[in-house]
1. Tally time: how many residues in segment 75-107 are more than 20 Å from the chain's Cα centre (by Cα) and of a type in the set (Gly, Ala, Ser)?
2. Please work out if residue 86 is without any contact (Cβ under 8 Å) to a residue 40 or more places away in the chain, exposed (fewer than 15 other Cβ atoms within 10 Å of the Cβ) and within 30 Å of residue 48 (Cα to Cα).
3. Limited to segment 30-53, what total is found for residues that are in contact (Cβ under 8 Å) with a residue 60 or more places away in the chain and either in contact with a Leu (Cβ under 8 Å, 6 or more places away or on another chain) or of a type outside the set (S, T, N, Q) (or both)?
4. Tell me which residues, restricted to segment 121-144, are surrounded by fewer than 10 Cβ atoms within 10 Å (Cβ to Cβ) and modelled with pLDDT under 90.
5. Restrict the check to segment 71-90 and report whether at least one residue is farther than 23 Å from residue 132 by Cβ, in a helix (DSSP H, G or I) and touching a helix residue (DSSP H, G or I) at 6+ places or on another chain (Cβ under 9 Å).
6. Here is a list of conditions, (1) farther than 19 Å from residue 38 by Cα; (2) surrounded by 12 or more Cβ atoms within 10 Å (Cβ to Cβ), and residue 81 meets all of them except one; can you say which number that is?
7. If I ask for residues that are surrounded by fewer than 13 Cβ atoms within 10 Å (Cβ to Cβ) and in contact (Cβ under 8 Å) with a residue 40 or more places away in the chain, which ones from segment 54-76 would you list?
8. Looking only at residues that are small (Gly, Ala, Ser) and either surrounded by fewer than 19 Cβ atoms within 10 Å (Cβ to Cβ) or at pLDDT below 90 (or both) in segment 1-43, which one is farthest from residue 61 (Cα to Cα)?
Amino acid sequence: MSESTHGSLLREVARLYTRAQRVVADCCSTTNTQCHLLTELGRAGPLPLSELGTRVSLEKSCVSRAVEAMAARGWVSKEPNPQDARSWLVTLTADGERTVRELNRTLDDHAETLLASLSARERDAVETSLLTLLKALREDPAAMCCLPPEAPEPDRNSKSCC
C-alpha cells in the first residue's frame, strides 16, 4: 500500500467512524459543539473556558455560547476561575457527568457492535494497530498542539461523537 493510500484510508476510516458515532449517539440530542465540549470536559475535568476552546479548536465566542446553553440545561457550571480572576472555570455538573457516561456507553456499544462482525483475530489486529496509531499520534506535535504539556493523556477507552 502506498503512503498516499495510507493517508486516504486513515481519513476515510476517521470520517466514516465519526459520522457513525454522531448518528448513533444523536450527539446528546444537542449540537455537535455542545457534545464535543461535554466529552472534552468528561475526559479532562474542569477547564478554563479559554483552554476548553483551545482543546477543541473552536473560537471563544462559539465556546462561550455553547457553555451558556449547556449551563441552561444543567450540564455544566461556570464559576470564576480561582487560578485566574479574569477567566471562567467550566465544570460538569452531576447531570452533565451522567450525560457523558450515557454518551460513552452508547458509543462503546456501537464500537462493540461494529467490531463484532470481525473474527477474534481481526479484532486483536485492529486493537494492536489502533494502539500503535494512538502512540504515534500522542508523539505527533500536530495532534497534541492544543493540549498543555502537563495535560494527562486521554483515557484510551473514551470516545467522542464530535
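1. 2
2. It is true that residue 86 is without any contact (Cβ under 8 Å) to a residue 40 or more places away in the chain, exposed (fewer than 15 other Cβ atoms within 10 Å of the Cβ) and within 30 Å of residue 48 (Cα to Cα).
3. Total satisfying the criteria: 10.
4. 141, 142
5. no
6. Checking residue 81 against (1) farther than 19 Å from residue 38 by Cα; (2) surrounded by 12 or more Cβ atoms within 10 Å (Cβ to Cβ), the one that fails is (1).
7. Residue satisfying the conditions is 57 alone.
8. For segment 1-43, the residue satisfying everything is 2.
The values are calculated or read from the model by the stated rules, or taken from the named source; none is laboratory data. All figures in this text were calculated on a predicted structure; none of them were measured in a lab. Cβ atoms come from the backbone with ideal geometry, glycine included; neighbour counts cover every protein chain shown.
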